1. What is the gain in length, in nm to one decimal, between Glu91 and Ile66 on full extension, counting 0.36 nm per residue of separation less the C-alpha to C-alpha distance?
2. Give me, ordered by chain and number, the residues 5 or more places off Glu83 or on other chains with an amide H under 5 Å from its own placed amide H.
3. Take Glu62, Glu101, Glu36, Glu90 and order them by how many other Cβ atoms sit within 10 Å, fewest up front.
4. Treating the beta-carbon of each Lys and Arg as +1 and of each Asp and Glu as -1, no other charges, what is the dipole magnitude of segment 77-118 about its Cα centre, to the nearest 20 debye?
5. How big is the convex hull of the Cα atoms of segment 11-108, per residue, in Å³?
6. Could you check the simple spin-label distance between Gln75 and Ser51, using points 7 Å along Cα→Cβ, in nm with one decimal?
7. Please give the charge dipole size of segment 2-98, origin at the Cα centre, charges +1 on K and R Cβ atoms and -1 on D and E Cβ atoms. Round to the nearest 20 debye.
Amino acid sequence: MEGSRRLRGHSIGVFSEGIGLVLFRWSTLLTAVENEWGGHESRVKADQLASDILSWFTQSKEPLYIDDLEDILDQGMLSLNVEVEDGSIEEVAEKLMVMHEEFLEDNFSSFENLRKANLEHAARPPVPQIVNDDEDDTDEDVGNDENMIVDDNSSNMNPETSTSVANTNSVNRSVNGPLPKVSGEADDGWVVVSNRRNKGRKN
């Protein structure tokens, strides 16, 4: 991409909204914020990640390469004490790069689709969840386990997720504690979030 091709004026504000729509449909990021894996300021750190991405797209004087964007996303997740190795960083980076290219061509179709999907989801009534006591006990045991286990779809882009991130206290983790890590599928079809750092997401 040529360094002179940059967003201008109103497009920057709209693109900033688009970045938020993409990021807060990313289940791994949402989980980290909701569970405060990065401490009480986890939401602030997520917002800072969005700001860093916008600055990279709009202020960088060098050509924009997707590898650099992936590094920004990776560092943002590390600030939340999460190491991601499930390929979702590459997926998010690609979505952002594609949307940016579309904005440069005055094409806002991807952005409008994201906004529409978000509004439709926000308009849906909440679905009550009924669980028995045994299931409650099981959930508590899983939540207190040192190794978090999440469904294999939870680390990918979630089309049903709102841009509004609720601050819950379902999991309390120390800011200085071990990093949860989203890795590949286990034999039973789940994705194991382990604590040991073993980076290998790039070939």
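1. Going from the current span to full extension adds 7.9 nm.
2. Residues meeting the criterion, in which the H sits 1.01 Å from N, are Lys181, Val182.
3. Glu62, Glu101, Glu90, Glu36
4. 300
5. Residue-normalised Cα hull volume stands at 88 Å³.
6. In this crude label model, Gln75 to Ser51 measures out at 1.5 nm.
7. So the magnitude is around 640 debye.
Just so you know, all these numbers are worked out from the coordinates, no wet-lab data involved. Everything numeric in this text was worked out from a predicted model, so none of it was measured. FYI the Cβ positions are ideal-geometry reconstructions off the backbone, even for glycines, and counts take in every protein chain you see.
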